[in-house]
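Asker: The structure follows.
The values are calculated or read from the model by the stated rules, or taken from the named source; none is laboratory data. Note that the structure is predicted; figures quoted are calculated from it, not measured. Note that we place each Cβ from the backbone using ideal geometry, even for glycine, and neighbour counts take in every protein chain shown.
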């Protein structure tokens, strides 16, 4: 069984300081949260950016760049920038969404399917997805392929066959979003079965499902994602004061369950990303 | 086990006469295909309309109304009008999509989720879906809840809990569309498990998967949908010359597998639709 | 998908003429039933013998030999003699059970596990099973590995790894016996998943489960066993007057479901049995 | 979700001091191990007895009685005496196997099916199983129904329907024994699905599978069994010096996974056993 890659999604675009005051806003705060999580054992950080003042979702090149640089300056953590592009107000939003790729992070998320996502429709047309995948290939950026449904996985496997993703593909099973596939064990196993190739996969579960579904994954040989983007509470009524709390708990679980936690170097090897210079 | 409801989807909006010359275009042709299928054993017909001349997808009130009337004039078949609304060019497309409800057919299809659907994105925002469900309730029209993914089913079960669908809800598991959930047995069982309430469900499978997946469903107590909207071939290279061919084969299978085929009255009872006056 | 091997188990040891007057007793009657099934499309016959007068279970060399010869004289059907050995009254019952192997039929059944089997305990100690497997190897007889439980399958896969079974192993999933694993779809899929190697497998289901479970298997790429040993009725209250009736129905199903039925030559090739001289 | 019952099986009949020097032999040693496990958080102890000198498997009334009394004298732990009866040398072994029931422990194990079990055949004819179940009912002893296969579970559910087991039945899924069903997640879910009634169930996994399969069960709402009978090692090459080590680890896991551990009173309530006087 591969060593365990702990992905941490430190802020996302949805959670607010009203919900949890520890949500980072500025690139500096985001980097600090990433580095705390890294010290606790996370090897990959998934990043959305926010307006430093208001905390509302943003998609500015400088914000992404600053967060990336700050993290790289102090760690060997793998950085995964989102291309979800919610809230983009741009002339060419399709092109704008690919902006983070040009910063050449280690990874970029790639949402391959469309779905009703909380209050909105998350639209990812196949043409755009193919184009973004090619852009990542050209820039040496590894896609973290986010799939919320069995059909997304099917579409992604077709992309792999069409050569749009370098080996090995890396999947994130995103479970429990309203209204994506639920974060239950039956669904995780259905995804696992449909993933009929040998490659790394990770799972995230929303809210209270984060803990059980990632624990199942640790035992099944999968990797995990934790953090504020998916979950704000350590337990009922107990807010986490840092993303690091989720990472610490995952490390503790991995230790008891006898699965070694991947270093950043291990994670690069598992994901087929060339070592940091 | 309930008697078997055979749904027939006689034309859809995608298949062309280039692909199969038996595709009906005009309301009269559509009604003729419905009635052929009814004589063969189908109890529910799912209807899209086309431009009578060109055969391109249409969404005109008169076309729906004519098809409905022609079928009702000669049969007790349950009529299910689509609300998918592809190709609508209207000032208020959301309202326009609900037009078929006002004709008070027995059922209307209700697509609850969004997904990449062949070359386009099939967008069904939750607000619209809720609104369409309420409109159906107000008009005494039964929704045939189309779910292409586990998350769609989850969303629909939430709607049932919120009282937006009268008992019993009726589900159509739409499997095998690129890029929805695949039409394989594992997926059918995953859907079946997630449907944790006792209610009628049906399955459709695209192309060559129509035959095996509907056969599994016949054995599992589900209902089935066949017809040109999903499949044009009886077997490799052999085009069906009428939707009735698929219905005949399903009836033959049901007979061998000892599952009684529902009459239109049976179907009304199973679906909780009041008897035809 | 391989062509479909239809196995027919023409009498077993349990069913009586009180239950169904068409149960064959003498080797001649058994051979006649086998040949009727062969003409209908069965390629493999599974044989138990009976006392020709009383019909009670027997295990005499002459009875096996006569049935085998009669079938071979008139057909190219593959013959599978049981080694279950119920009711053996012998000084060395373990050796006696292997007697049918010495007749060099095409196959012999090999029950690898122990279980409560209807009113008795069916005892198959691992030592005996290993010994019987080796004896089959030495005699050029293919084992039809009968597994009634997941643990039996596990034991059998261990035997395959230890080289006690020539490639490809051939499994019979025996479902629905009281008290073996049930003949439902969940169980069939659990067996199918645990069979993690590429090899032919067949399924039998007891009583009314014969028809649905074998139909699922036809669609899943498995082979099937039908016949009086497992089921006496064509439908509720309707006794079959010959094993051929079950075979005819299976052939009809296979035709509709577009799976070609294996000839005896096809079956030999699929099972890795050398062609009949 | 019910609180978690931790069952501990402190010695079994198979493991030897050559394998692990901490294996208890005498009733006093067995009671000491039970009490250590109880202090660590176990609420039920499953007991086999050994010859105090040689450590070989025994089945003497005095040995069971002494262990039972010693545990009861110092704790409120629930005691579960085996009726597996391996190695019984008695005139009436069937009656002898039921001897522990007469001591009126809280529970007795009840093995309902037969199977190849390590080097021997574990024979449990249905007549004996029914008789033992009735004996337990008469003596107010709760059966812990041990099932090693799907068919055993099926047989047990039939017994429940026939009224041979008081509500709620309590199942132990015994996974990973050669040659019972394997201790993998697919199998656990197959058992879970087939258990179509609402009642407490526990799982044990042999050897290195103990840790992952019991962790899955903690998350799934099941109870767990740990201890020397199933597993001697804490991790590869690291022997446990007491059964309490496994219990401590389970308690630690339950804490992280936010499942409360059942006290002995909780366990009595969950299992429908009347409170200790």
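Asker: Quick test of your reading of the structure: residue D:126 fulfils all but one of (1) within 10 Å of chain C (Cβ to nearest Cβ); (2) in contact with a strand residue (DSSP E or B) (Cβ under 6 Å, 6 or more places away or on another chain); (3) within 18 Å of residue C:151 (Cα to Cα). Name the failing condition by number.
Answerer: (3)
Asker: Let me spell it out: the conditions are (1) in a helix (DSSP H, G or I); (2) more than 14 Å from chain C (Cβ to nearest Cβ); (3) in contact with a helix residue (DSSP H, G or I) (Cβ under 9 Å, 6 or more places away or on another chain), and residue D:266 meets all of them except one. Which number is the exception?
Answerer: Unmet for residue D:266, out of (1) in a helix (DSSP H, G or I); (2) more than 14 Å from chain C (Cβ to nearest Cβ); (3) in contact with a helix residue (DSSP H, G or I) (Cβ under 9 Å, 6 or more places away or on another chain): (3).
Asker: Please tell me if residue C:168 is part of a loop (DSSP other than H, G, I, E, B) and closer than 17 Å to residue C:273 by Cβ. Break it down into steps so the answer makes sense when it comes.
Answerer: Values: part of a loop (DSSP other than H, G, I, E, B): yes; closer than 17 Å to residue C:273 by Cβ: yes.
In short, yes.
Asker: Sticking with this structure for a sec: Can you tell me which residues in region D:118-142 are under 30 Å from residue C:125 (Cβ atoms) and in a loop (DSSP other than H, G, I, E, B)?
Answerer: Pass one, region D:118-142, residues under 30 Å from residue C:125 (Cβ atoms): D:118-136.
Within region D:118-142, D:118, D:119, D:123, D:124, D:125 qualify.
Asker: While we're on this one: Out of A:73, A:37, A:65, report the one residue that is over 24 Å from residue A:122 (Cβ atoms) and surrounded by 24 or more Cβ atoms within 10 Å (Cβ to Cβ).
Answerer: A:37
Asker: Within region D:254-263, is there a residue that is at positive phi, within 14 Å of chain A (Cβ to nearest Cβ), touching a strand residue (DSSP E or B) at 6+ places or on another chain (Cβ under 8 Å) and not in a helix (DSSP H, G or I)?
Answerer: Yes, some residue in region D:254-263 is at positive phi, within 14 Å of chain A (Cβ to nearest Cβ), touching a strand residue (DSSP E or B) at 6+ places or on another chain (Cβ under 8 Å) and not in a helix (DSSP H, G or I).
Asker: Condition test on residue D:86, is it more than 14 Å from chain C (Cβ to nearest Cβ), surrounded by 15 or more Cβ atoms within 10 Å (Cβ to Cβ), at pLDDT 95 or above and touching a strand residue (DSSP E or B) at 6+ places or on another chain (Cβ under 9 Å)?
Answerer: Here the answer is no, as residue D:86 does not meet what is asked.
Asker: Report, by residue number, each residue of region C:103-132 that is surrounded by fewer than 16 Cβ atoms within 10 Å (Cβ to Cβ) and farther than 19 Å from residue C:156 by Cα.
Answerer: C:104, C:118, C:119, C:120, listed by residue number.
The rows are residues; the columns are (1) closer than 19 Å to residue A:42 by Cα; (2) touching a helix residue (DSSP H, G or I) at 6+ places or on another chain (Cβ under 6 Å); (3) surrounded by 20 or more Cβ atoms within 10 Å (Cβ to Cβ); (4) in contact (Cβ under 8 Å) with a residue 12 or more places away in the chain.
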| site | (1), (2), (3), (4) |
| --- | --- |
| A:174 | yes, no, yes, yes |
| A:178 | no, no, no, yes |
| A:193 | no, yes, no, no |
| A:202 | yes, no, yes, yes |
| A:211 | yes, no, yes, yes |
| A:251 | yes, no, no, yes |
| A:272 | yes, no, no, yes |
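Asker: Being touching a strand residue (DSSP E or B) at 6+ places or on another chain (Cβ under 6 Å), in contact (Cβ under 8 Å) with a residue 60 or more places away in the chain, closer than 30 Å to residue C:184 by Cα and within 14 Å of another protein chain (Cβ to nearest Cβ) narrows it down to one residue among C:115, C:110; which is it?
Answerer: C:115
Asker: So for region A:131-148 (the condition being within 12 Å of another protein chain (Cβ to nearest Cβ) and under 17 Å from residue A:195 (Cβ atoms)), does at least one residue qualify? Let's see the steps before the verdict.
Answerer: Of the residues in region A:131-148, the ones within 12 Å of another protein chain (Cβ to nearest Cβ) are A:147-148.
Now drop any that are not under 17 Å from residue A:195 (Cβ atoms), which leaves A:147-148.
So far as region A:131-148 goes, yes, one or more of its residues are within 12 Å of another protein chain (Cβ to nearest Cβ) and under 17 Å from residue A:195 (Cβ atoms).
Asker: Identify all residues within region B:25-52 that are more than 16 Å from the chain's Cα centre (by Cα), more than 23 Å from residue B:261 (Cβ to Cβ) and not in a strand (DSSP E or B); write none if there are none.
Answerer: B:25, B:26, B:27, B:28, B:29, B:51, B:52
Asker: Conditions: (1) farther than 25 Å from residue A:118 by Cβ; (2) facing chain A (nearest Cβ under 8 Å); (3) surrounded by 24 or more Cβ atoms within 10 Å (Cβ to Cβ). Residue B:100 meets all but one. Number of the miss?
Answerer: Of the numbered conditions (1) farther than 25 Å from residue A:118 by Cβ; (2) facing chain A (nearest Cβ under 8 Å); (3) surrounded by 24 or more Cβ atoms within 10 Å (Cβ to Cβ), the odd one out for residue B:100 is (2).
Asker: Would it be correct to say that residue B:95 is within 21 Å of residue B:127 (Cβ to Cβ) and more than 15 Å from the chain's Cα centre (by Cα)?
Answerer: Details: within 21 Å of residue B:127 (Cβ to Cβ): yes; more than 15 Å from the chain's Cα centre (by Cα): yes.
In short, yes.
Asker: Could you list, in sequence order, all residues of region C:150-160 that are out of contact with any strand residue (DSSP E or B) (no Cβ under 6 Å at 6 or more places or on another chain) and either closer than 20 Å to residue C:97 by Cβ or away from chain D (no Cβ under 13 Å) (or both)?
Answerer: Once the filter is applied, which keeps residues that are out of contact with any strand residue (DSSP E or B) (no Cβ under 6 Å at 6 or more places or on another chain) and either closer than 20 Å to residue C:97 by Cβ or away from chain D (no Cβ under 13 Å) (or both), region C:150-160 yields C:152, C:155, C:159, C:160.
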